[in-house]
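Nothing in this text is a laboratory measurement; each read-out follows from the coordinates by a stated rule. The structure displayed is predicted, hence computed values, not measured ones. Reconstructed Cβ throughout: ideal geometry from the backbone, glycine too, with neighbour counts over all protein chains shown.
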């Protein structure tokens, strides 16, 4: 039965990770709603390795080019130019921007990991955050100028979007939703906001997922407070594989969708889900 549960949760993770509706909120709500309980921050972080692998596959040309040029810019004795890299190369710059934009979530995630695992997973917080950040996404999508592309990302913008990504440590915010909203506010078009959001998430999500995997494999049950994933490692790996396959399909769908349409359906969905969650909590159907 646990294997079936993990597969369903992996499917849910893949469906919701890249849409601006918060995968962690959906895993948290769904687990309680069907009586399986909270799968936990560790399970969520590990299954996100699958969805981030989907990012690597979908954006492989961009990622390989950025990584290659970034390392080559250090490689030659005569400097970046002799390594075939022009001064001010946009891919080298983008590599540095992604590193800088990742710093906020790494620092806050490390310092506040106990708070993230416990208090911030309250369903009351999830419900309010779903609504508030849904409204913010709607405003950003409607009012943003949408004139910049990924090639225009500056160090300042990268840091600001990184600060927005940091808020995704709160279940219900949505990593893609927060960073995409920030991109829209800063004047980037929808595909570019989403594209940079996905690229920016790679180091942070892989870092968190690998850390949680290491913790799950080395912790001592009954000794370490946050030990295990809530499911066996086999079940967790299976869920991660499912999340990868579904996530890859969802990225392709979303990038096509937002090239011609707005985020309004996701805004409406977030507000309705948050309102329904508040009603269920108020009626005692769910416990926070």
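Ellipticity at 222 nm from helices only: DSSP H runs of n ≥ 4 in the chain, each -39500 (n - 2.57), divided by the residue count, give -24000 deg cm²/dmol. Helix 90-111 and the longest principal axis of the Cα set of the chain meet at an angle near 30°. Going by alpha carbons, how many degrees (0 to 90, nearest 10) lie between the helix axis of 233-257 and the longest principal axis of the chain? Tilt relative to the chain: about 60 degrees.
Divided by 2.2 N^0.38 Å, where N counts the residues, the Cα radius of gyration of the stretch 72-206 comes to 1.19. Packing order of peptides 120-128, 193-201, highest average first: 193-201, 120-128 (average count of other Cβ atoms within 10 Å over each peptide's residues). Only Cα pairs under 8 Å and 6+ residues apart enter the sum, and on that basis the relative contact order of the stretch 30-182 stands at 22 percent. Could you state the angle between the C-alpha long axis of helix 264-282 and the longest principal axis of the C-alpha atoms of the chain, as a value from 0 to 90 degrees rounded to the nearest 10? Approximately 30 degrees, to the nearest 10.
Within the stretch 2-282, the percentage of alpha carbon pairs spaced more than 25 angstrom apart rounds to 46%. Placing dummy labels 7 Å off each Cα toward the beta-carbon, the span from residue 139 to residue 30 is 3.1 nm. Considering only alpha-carbon pairs that sit under 8 angstrom and 6 or more positions apart, the relative contact order computed for the chain is 35 percent.
Legend: ranking of residues 26, 61 from fewest to most surrounding C-beta atoms inside 10 Å; resulting order 61, 26.
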